[in-house]
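J.: Mind having a look at this structure? Questions to follow.
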Amino acid sequence: MSYQIRVNGVIHTVEAEGDTPLLWVLRDILGMTGTKFGCGIAQCGACTVHLNGVPSRSCSLPLEGVVGMDITTIEGLGANELGKRLQEAWLAHDVPQCGYCQGGQLLAATALLAQNPHPTEAQIDAAMSGNICRCGTYVRIRAAIADVAGRKS
C-alpha cells in the first residue's frame with residue numbers, strides 16, 4: 001500500500017504494508033538511519049522519534065498509525081532551536097561515546113524541555129529513565145539538559 005507521512009517537515013510517499021513498524025520505514029525506505037533499532041519491544045529508547053512533539057518508540061508504531069502526524073527524527077532535530085541548543089550542550093558536555101542511543105536521548109530531552117523548560121534533577125531523571133545508555137553517560141546527559149535549562153547540575 002501507499003502511505004503519505006510527514007517526516008521532519010517533508011511529506012514522503014512510501015510503499016509498505018500498514019503494519020510495518022515506523023522504525024523500518026524511516027531506516028530502510030527513507031534512509032534516515034539516525035533512529036536506531038535497540039530492543040524491538042519499545043523498552044530501550046534507541047528508536048525514539050517525536051509524534052506531534054511527543055516522544056514515541058518507532059519500533060512498535062505501525063506505519064498506518066502515524067499517517068497525519070508530524071514525525072521528527074534526530075535528522076530533523078537541529079531545525080528546532082531547542083533541539084539545536086541541546087545538540088550543542090551534548091557536545092559541550094562530551095555526552096556521546098558510542099553514540100548509538102543519542103538520537104533517542106536527544107529527542108526525549110527536547111520533549112522534556114519543551115514541556116518543562118526548568119525541570120528539577122528528579123524531573124530530568126524521570127523523563128529520561130526510559131532511555132538506556134550502554135556507555136553510562138547519564139551524569140553528562142543530566143548536566144547537558146540542566147545547562148540548557150539554565151541551571152547547574
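J.: Among the candidates 141, 41, which residue alone is in contact with a helix residue (DSSP H, G or I) (Cβ under 9 Å, 6 or more places away or on another chain) and either assigned by TED's automatic domain parsing to the domain that holds residue 20 or at pLDDT below 95 (or both)?
T.: Selected residue: 41, the only one of 141, 41 that is in contact with a helix residue (DSSP H, G or I) (Cβ under 9 Å, 6 or more places away or on another chain) and either assigned by TED's automatic domain parsing to the domain that holds residue 20 or at pLDDT below 95 (or both).
J.: Identify all residues within the range 105-138 that are among the β-branched types (Val, Ile, Thr), over 17 Å from residue 47 (Cα atoms) and either assigned by TED's automatic domain parsing to the domain that holds residue 40 or under 16 Å from the mean Cα position of the chain (by Cα) (or both); write none if there are none. Walk me through it before giving the result.
T.: Start the filter on the range 105-138 by keeping residues that are among the β-branched types (Val, Ile, Thr), which leaves 110, 120, 124, 132, 137.
In the following step, the residues that additionally are over 17 Å from residue 47 (Cα atoms) were identified as 120, 124, 137.
If the condition is that a residue be among the β-branched types (Val, Ile, Thr), over 17 Å from residue 47 (Cα atoms) and either assigned by TED's automatic domain parsing to the domain that holds residue 40 or under 16 Å from the mean Cα position of the chain (by Cα) (or both), then 124 is the only one that fits.
J.: Continuing with the same structure: Can you pull out the residues in the range 123-138 that are touching a residue at least 60 places away in the same chain (Cβ under 8 Å) and in contact with a helix residue (DSSP H, G or I) (Cβ under 8 Å, 6 or more places away or on another chain)?
T.: Scanning the range 123-138 gives 130, 131.
J.: Considering 102, 123, which residue is out of contact with any strand residue (DSSP E or B) (no Cβ under 7 Å at 6 or more places or on another chain), of a type outside the set (Gly, Ala, Ser), surrounded by 13 or more Cβ atoms within 10 Å (Cβ to Cβ) and over 26 Å from residue 32 (Cα atoms)?
T.: 123
J.: Name the residue that is modelled with the lowest pLDDT, counting only residues in the range 22-38 that are surrounded by 21 or more Cβ atoms within 10 Å (Cβ to Cβ) and not aliphatic (A, V, I, L, M).
T.: 38
J.: Look at residue 87 and say whether it is in the same structural domain as residue 139 (by TED's automatic domain parsing), of a type in the set (S, T, N, Q) and at pLDDT below 95.
T.: In short, no.
J.: What is the one condition in (1) exposed (fewer than 15 other Cβ atoms within 10 Å of the Cβ); (2) at pLDDT 95 or above that residue 128 does not satisfy?
T.: For residue 128, the failing item is (1).
J.: Sticking with this structure for a sec: Name every residue in the range 69-86 that is in a helix (DSSP H, G or I) and either touching a residue at least 60 places away in the same chain (Cβ under 8 Å) or touching a Gly at 6+ places or on another chain (Cβ under 6 Å) (or both), in order of residue number.
T.: Restricting attention to the range 69-86, the residues satisfying the condition of being in a helix (DSSP H, G or I) are 74-77, 81-86.
Selection gives 74, 75, 76, 77, 82, 84, 85, 86.
J.: A further question follows. So is residue 107 buried (at least 21 other Cβ atoms within 10 Å of the Cβ), touching a strand residue (DSSP E or B) at 6+ places or on another chain (Cβ under 8 Å) and in a helix (DSSP H, G or I) or not?
T.: Here the answer is yes, as residue 107 does meet what is asked.
J.: Right, something else. So in the range 1-51, with the set limited to residues that are in contact (Cβ under 8 Å) with a residue 12 or more places away in the chain, assigned to a strand (DSSP E or B) and of a type in the set (A, V, I, L, M, F, W, C), which one is farthest from residue 111 (Cα to Cα)?
T.: 14
J.: Ok, one more. Identify, please: which residue in the range 1-57 is touching a Phe, Trp or Tyr at 6+ places or on another chain (Cβ under 8 Å) and among the basic types (Lys, Arg) and is, among those, nearest to residue 68 (Cα to Cα)?
T.: 27
The values are calculated or read from the model by the stated rules, or taken from the named source; none is laboratory data. Keep in mind the model is a prediction, meaning the values are calculated, not measured. Positions of Cβ are generated from backbone atoms using ideal geometry, with glycine treated the same way; all protein chains shown enter the neighbour counts.
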